[in-house]
1. Within segment 45-62, can you find the residues that are buried (at least 18 other Cβ atoms within 10 Å of the Cβ) and not in a loop (DSSP other than H, G, I, E, B)?
2. Report the residue count in segment 63-79 for those that are crowded, with 21+ Cβ neighbours inside 10 Å and modelled with pLDDT of 95 or more.
3. Against the definition (surrounded by fewer than 18 Cβ atoms within 10 Å (Cβ to Cβ) and either at pLDDT below 90 or not basic (Lys, Arg) (or both)), how does Glu86 come out, yes or no?
4. Tell me whether segment 111-124 contains one or more residues that are exposed (fewer than 11 other Cβ atoms within 10 Å of the Cβ) and either assigned to a strand (DSSP E or B) or modelled with pLDDT under 80 (or both).
Amino acid sequence: MLNKKIAGYFHSGRSINGQTETLYEWRVTTDFLNVAQAIARELGGDVRALENSRHDRWEVLTGSPAVEVVVIQAGGGTVSFTLPMEPDIGAFSFSSNMWNREQISQLSAVGDSHSVRCELRLRPVEFKTQTGLTVLYILPSIEMVNSGV
């Protein structure tokens, strides 16, 4: 049975001493130690206490750039999902203003079925600026794997 509480949040970056750092693997924050331990067990990484956080108390810097999820809601820039390997720990959320709008529209159309299995991934994307500078950006993407769980 799905627990209605938000178990935690996926992040594609973090702030260290006021500086933003983009990550190649997912960072997960949560208020619940057991959730952090489950994430570390399934996605790799170590559980770490967050001392000066206003919200979440635990953090896991995973070793995974991609994770299989079951989308339960998508809209705007936010996707809510459960993890198929740990469905009972609750729902997670990830927000981005860099989503492919077509992907989110597809998920929004089928997201209420609770059976949209997807891969949530951090993809390195390289492009050249108008001045010729090559920039590497880590782009979050989500793609449907199949329509049934």
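1. Once the filter is applied, which keeps residues that are buried (at least 18 other Cβ atoms within 10 Å of the Cβ) and not in a loop (DSSP other than H, G, I, E, B), segment 45-62 yields Val47, Trp58, Glu59, Val60, Leu61.
2. Of the residues in segment 63-79, 1 are crowded, with 21+ Cβ neighbours inside 10 Å and modelled with pLDDT of 95 or more.
3. Answer is yes for this residue.
4. So far as segment 111-124 goes, no, none of its residues is exposed (fewer than 11 other Cβ atoms within 10 Å of the Cβ) and either assigned to a strand (DSSP E or B) or modelled with pLDDT under 80 (or both).
Residue-by-condition table, conditions (1) surrounded by 13 or more Cβ atoms within 10 Å (Cβ to Cβ); (2) at pLDDT 95 or above; (3) in contact with an Asp or Glu (Cβ under 7 Å, 6 or more places away or on another chain):
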| position | (1), (2), (3) |
| --- | --- |
| Leu2 | yes, no, no |
| Ile6 | yes, no, no |
| Ser12 | yes, no, no |
| Gly18 | no, no, no |
| Leu23 | yes, no, no |
| Asp31 | yes, no, yes |
| Ala40 | yes, yes, yes |
| Leu43 | yes, yes, no |
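The values are calculated or read from the model by the stated rules, or taken from the named source; none is laboratory data. Just so we're clear, the structure is a prediction, and the values are computed from it rather than from any experiment. A quick note on method: Cβ atoms are made from the backbone with ideal geometry, for glycine too, and the neighbour counts reach across all protein chains shown.
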